[in-house]
């Protein structure tokens, strides 16, 4: 991991006076669930047995285990493992979420910019990412930054991350790995060596966006045109851009093609995800494609975006969010699009069959669930 990334993720820790006979060290940047699974394999048991010993009444693996760890839970785990409670809590996503939102507790359901596991009991649809090249060089483990939706690439090996087994296409569920396996380097379903997976070269713009967003955790602001954006403002603007890109890709028109071409985006190459799921559920490659185009739009700046929208007569329904609140750096866009939004008051017939596109989208979602 390069030096610019080391200061923002968990520092790691080594056990001291542990009760368990074999406790692997908490590696730098390792997420709490990854370390717990490695602890279980070191003791020769599965992950459920280990956490049942620590928290007997907690179904730890049936929800997202990385979101947060209470002080009471961290103290109990620390007494058995010898890892300091502060290091255990730093290996969760809670401090990142609080920095991004100012709120210490995660909401139920989707948390913006944090990958969703799609849990059903202990099985999952996604949410974990890894780099095959890192698995070759290091002890296989999963990183805190791998749970962040803007992380799509390995900055060291410059390849797109993976979130599934290349052999059987199962999502990564390392909590289902059981002895005699000793590491997290195999698929839980077919025991394929994950480090052997083929890799795809990184999209430079996606990596640029990733580095810029990471930089805002240590620097006060980043420039967008004449505006200096804080982390929350940067993420809000980027999310707005993701939304209009996905909307335009689903229903392109000649004026939107020209508008986005001037912003450095080719709508023809931007294929909407077949599942139509929220951004936090998409695969690394799908998110990388969107974020690469977001970076192109960010480099253009608002001074060019707003006149382009006026010149191409972009419909307000594309650029105005449903809640009517534009990012502060694009407040001038609201005046350009102040023409009344056309409302279609005709009731949609409920007896009409669904479109082919809608049926295929539902089919892809069903297939995704069967991969658990």
Seminar exercise, completed: The condition of being surrounded by fewer than 13 Cβ atoms within 10 Å (Cβ to Cβ), outside the structural domain of residue 111 (by TED's automatic domain parsing) and at pLDDT 95 or above holds, among 254, 204, only for 204
For this session: Evaluate the stretch 191-200: report whether one residue or more is touching a helix residue (DSSP H, G or I) at 6+ places or on another chain (Cβ under 8 Å), under 25 Å from residue 67 (Cβ atoms) and modelled with pLDDT of 95 or more.
Result: yes
Problem set entry | Residues located in the stretch 87-104, provided they are touching a helix residue (DSSP H, G or I) at 6+ places or on another chain (Cβ under 8 Å) and assigned to a helix (DSSP H, G or I) | 88, 89, 95, 99, 100, 101
For this session: Please enumerate the residues belonging to the stretch 105-133 that are assigned to a loop (DSSP other than H, G, I, E, B) and under 12 Å from the mean Cα position of the chain (by Cα).
Result: 110, 111, 112, 113, 115, 116, 117, 126, 127, 128, 129
Problem set entry | Lone unmet requirement of (1) part of a loop (DSSP other than H, G, I, E, B); (2) at pLDDT 95 or above; (3) surrounded by fewer than 18 Cβ atoms within 10 Å (Cβ to Cβ) for residue 136 | (1)
Exercise. For the stretch 37-81, how many residues meet the condition of being within 24 Å of the chain's Cα centre (by Cα), assigned to a helix (DSSP H, G or I) and either crowded, with 22+ Cβ neighbours inside 10 Å or at positive phi (or both)?
Worked result: 4
Exercise. Can you tell me which residues in the stretch 286-304 are surrounded by 18 or more Cβ atoms within 10 Å (Cβ to Cβ) and out of contact with any helix residue (DSSP H, G or I) (no Cβ under 7 Å at 6 or more places or on another chain)?
Worked result: 286, 289, 298
Exercise. Restricting the search to the stretch 78-96, which residues are in contact (Cβ under 8 Å) with a residue 24 or more places away in the chain and closer than 13 Å to residue 32 by Cα?
Worked result: 81, 83, 84, 87, 88, 90, 91, 92, 93, 94
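The values are calculated or read from the model by the stated rules, or taken from the named source; none is laboratory data. Since we're looking at a predicted model, the values are computed, not measured. When we count neighbours, we look across all protein chains shown, and the Cβ atoms used for this are built from the backbone with ideal geometry, even at glycine.
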